[in-house]
1. Which value in deg cm²/dmol, rounded to the nearest 500, describes the helix-derived mean residue ellipticity at 222 nm for the chain, given -39,500 (n - 2.57) per DSSP H run of n ≥ 4 and division by the residue count?
2. Which of the lysines could a cross-linker bridge to K183, judged by Cα under 20 Å and excluding same-chain residues fewer than eight apart?
3. Given contacts defined as C-alpha pairs under 8 Å and at least six residues apart, what's the relative contact order of the chain, whole-number percent?
4. Which net charge results for the neighbourhood of E201, defined as the other residues with beta-carbon distances under 14 angstrom from its beta-carbon, given Lys and Arg at +1 and Asp and Glu at -1?
5. Work from the charge dipole of the chain (Cβ charges, +1 for Lys and Arg, -1 for Asp and Glu, about the Cα centre) and give the residue of F66, I114, A146 farthest towards its positive end.
6. I need to check one value: relative contact order of segment 124-189, counting alpha carbon pairs closer than 8 Å and at least 6 residues apart, in percent.
7. Decide, for segment 1-123, between rounded, prolate and oblate: order the square roots of the alpha carbon gyration tensor eigenvalues as a ≥ b ≥ c, take rounded if a/c falls under 1.5, and otherwise choose prolate if a/b is larger than b/c, else oblate.
8. In a Gaussian network model over the chain where Cα atoms closer than 10 Å are linked, find which of F13, F66, F52 has the largest mean-square fluctuation.
Amino acid sequence: MAFEGWSVEAVEFYEGLEADNTKTYWQEHKSVYERRVVAPMQDLLSDLADDFGEGRVFRPYRDVRFSKDKTPYKLNCAAHLPGGYISLSAEGLFVGSGLYMPDPDQAQRLRTAIDDRDHGSELASIVVALRQRGYEVGAHEVLKTAPRGYSKDHPRIELLRYKGIVMSKAWPVGAWLGTRKAKDRVVACLEASRPLNAWLERYVG
């Protein structure tokens, strides 16, 4: 079935879950989650598969084994596909792409490529272009100073301090969320991420 957007019930489901993150609430509203939240996300992934690869929806349950927060359910419906990440919550829609949490070898290759005058300058240009188009560019973790072995005066010190690199955009809830415009925004973001991902594929792997 083609994606038609998320209804207001999907947003209301997460508003309710934020207020009452319990098994009781979940069981009472599970049918809303399945019909109004997950089903549209799966429809969206199906629509995107030809251009961006097969996606999958993450499980809604939190891993609380090592967390002080024992609330059992995630406050968003998230999906991963080869070209990016999609999340729906009570706050709205979020789309991101890039290298989120690299392993140590990837992180080293990333810094080596950023340090290289030609390769690093290419990435810097990609970042500028993304920001000019209204996308956020950053990392899940940023060093407070230059990484070991690099000068604080390096021309691309901002990028060198990133542990990974991700572009993203978030949109607050609005009437558009219940229409195909939601897909248009996802597609636009994933398309915009292609130069960044191509650079990462060439120089980081």
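1. On the way: 8 runs with 90 residues, N = 205.
That comes out to -13500 deg cm²/dmol.
2. Qualifying lysines at Cα under 20 Å: K169.
3. Values: 299 pairs, mean separation 49.3, N = 205.
For the chain, the relative contact order is 24 percent.
4. Numbers: positive: R109, R194, R202; negative: E122.
Taking every other residue near E201 into account, the sum is +2.
5. Of the listed residues, the answer is A146.
6. Values: 52 pairs, mean separation 21.8, N = 66.
Relative contact order, segment 124-189: 33 percent.
7. Numbers: a/c = 2.92, a/b = 1.65, b/c = 1.77.
Cα axes put segment 1-123 in the oblate bin.
8. F66
The values are calculated or read from the model by the stated rules, or taken from the named source; none is laboratory data. If you're wondering where the values come from, they're calculated on a predicted model, not measured in any experiment. Ideal geometry is used to build each Cβ from the backbone, glycine not excepted, and the neighbour counts take in all protein chains shown. When the accessible area is computed, the model is the full protein with side chains, heavy atoms only, and any ligands, DNA or RNA have been set aside. Shrake-Rupley method; radii C 1.70, N 1.55, O 1.52, S 1.80 Å.
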